[in-house]
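Engineer: Below is a structure I'd like to ask you about.
The values are calculated or read from the model by the stated rules, or taken from the named source; none is laboratory data. Note that the coordinates shown come from a computational prediction; the quantities given were computed from them, not determined experimentally. All Cβ positions, glycine included, derive from the backbone under ideal geometry; neighbour counts span all protein chains shown.
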Amino acid sequence: MWAWGAATIRNPAQDKLLKTVAWTQVVSCTVFQALENAAYLATKGVLEVKGERIVGWYRWSARFWAVHVLMEFVRLWRVGQTADLKDEKAEAKWWRDLYVNVAWAPMTWHYSVAGGLISEASVAGLGLVAGVLGLREAWKVTA
C-alpha cells in the first residue's frame, strides 16, 4: 500500500477524474487491508475481539474492496474515453482488466452482506477467472 501510495504521489494522473479514482483506490484498499488483517488476527486470538465484531470487520473490509472495484470500473470507463486503445497491447490490457473486475464485483457484494449473495461455487468460479487472468498477465510480464 505504501509503495502504491508513493507511486501515486510521484506520478499523479493528469486527468482529474483518474487522479481522484487513484486516490480513492489507494485509501479504500488501505482500509480494506487494515480491516481484513485485524479480523484475521482476531480470529487467531492475537487481538482480543470476538464474534460479531470480527464479522463486522470482514463485512466492512469487503465493502471497502467493493469501493475499489467500483472505482476500477470508473477508471476503465475513463481510460476507454481518453486513451488510444487502437494499440493492440493497450486494448488487450483494457479488456483483461475489465474481465477481472467483472469477476471481482459480485464477490465484493457477496462478502459485504450477511448470508452472501452467490453460491460458494460461484465464488470459486469467479475467483478462478480473476486469478487465471491475473496469472497470465504476470507470466507475460516476466517472460
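Engineer: If you take the residues in segment 86-101 that are surrounded by fewer than 15 Cβ atoms within 10 Å (Cβ to Cβ) and aliphatic (A, V, I, L, M), which one is nearest to ASP15 (Cα to Cα)?
Structural biologist: The residue in question is ALA90.
Engineer: So, one more: Could you list all residues from segment 7-28 that are out of contact with any Phe, Trp or Tyr (no Cβ under 7 Å at 6 or more places or on another chain), free of Cβ contacts under 8 Å to residues at least 60 places away in the same chain, within 18 Å of LEU76 (Cα to Cα) and not β-branched (Val, Ile, Thr)? Let's see the steps before the verdict.
Structural biologist: Here is the first cut: in segment 7-28, the ones out of contact with any Phe, Trp or Tyr (no Cβ under 7 Å at 6 or more places or on another chain) are 7, 9-25, 27.
Filter again for free of Cβ contacts under 8 Å to residues at least 60 places away in the same chain, leaving 7, 9-14, 16, 19-25, 27.
From what is left, the residues that are within 18 Å of LEU76 (Cα to Cα) are 12-14, 16, 19-25.
Passing the criteria: PRO12, ALA13, GLN14, LYS16, LYS19, ALA22, TRP23, GLN25.
Engineer: For segment 69-83, check the following and say yes or no: at least one residue is among the acidic types (Asp, Glu), modelled with pLDDT under 95 and either in a helix (DSSP H, G or I) or exposed (fewer than 13 other Cβ atoms within 10 Å of the Cβ) (or both).
Structural biologist: Looking for residues that are among the acidic types (Asp, Glu), modelled with pLDDT under 95 and either in a helix (DSSP H, G or I) or exposed (fewer than 13 other Cβ atoms within 10 Å of the Cβ) (or both), one finds none in segment 69-83, hence no.
Engineer: I'd like to check something: does segment 40-47 contain any residue that is farther than 18 Å from TRP2 by Cα, out of contact with any Lys or Arg (no Cβ under 6 Å at 6 or more places or on another chain) and surrounded by 18 or more Cβ atoms within 10 Å (Cβ to Cβ)?
Structural biologist: Filtering segment 40-47 down to residues farther than 18 Å from TRP2 by Cα leaves 40-47.
Okay, now just the ones that are also out of contact with any Lys or Arg (no Cβ under 6 Å at 6 or more places or on another chain), so 40-47.
Then keep just the ones that are surrounded by 18 or more Cβ atoms within 10 Å (Cβ to Cβ); that gives 42.
The answer is yes; a qualifying residue exists.
Engineer: With the condition kept exactly as written, say whether any residue in segment 103-125 is hydroxyl-bearing (Ser, Thr, Tyr) and free of Cβ contacts under 8 Å to residues at least 12 places away in the same chain.
Structural biologist: Pass one, segment 103-125, residues hydroxyl-bearing (Ser, Thr, Tyr): 108, 111-112, 119, 122.
In the following step, the residues that additionally are free of Cβ contacts under 8 Å to residues at least 12 places away in the same chain were identified as 119.
Yes, some residue in segment 103-125 is hydroxyl-bearing (Ser, Thr, Tyr) and free of Cβ contacts under 8 Å to residues at least 12 places away in the same chain.
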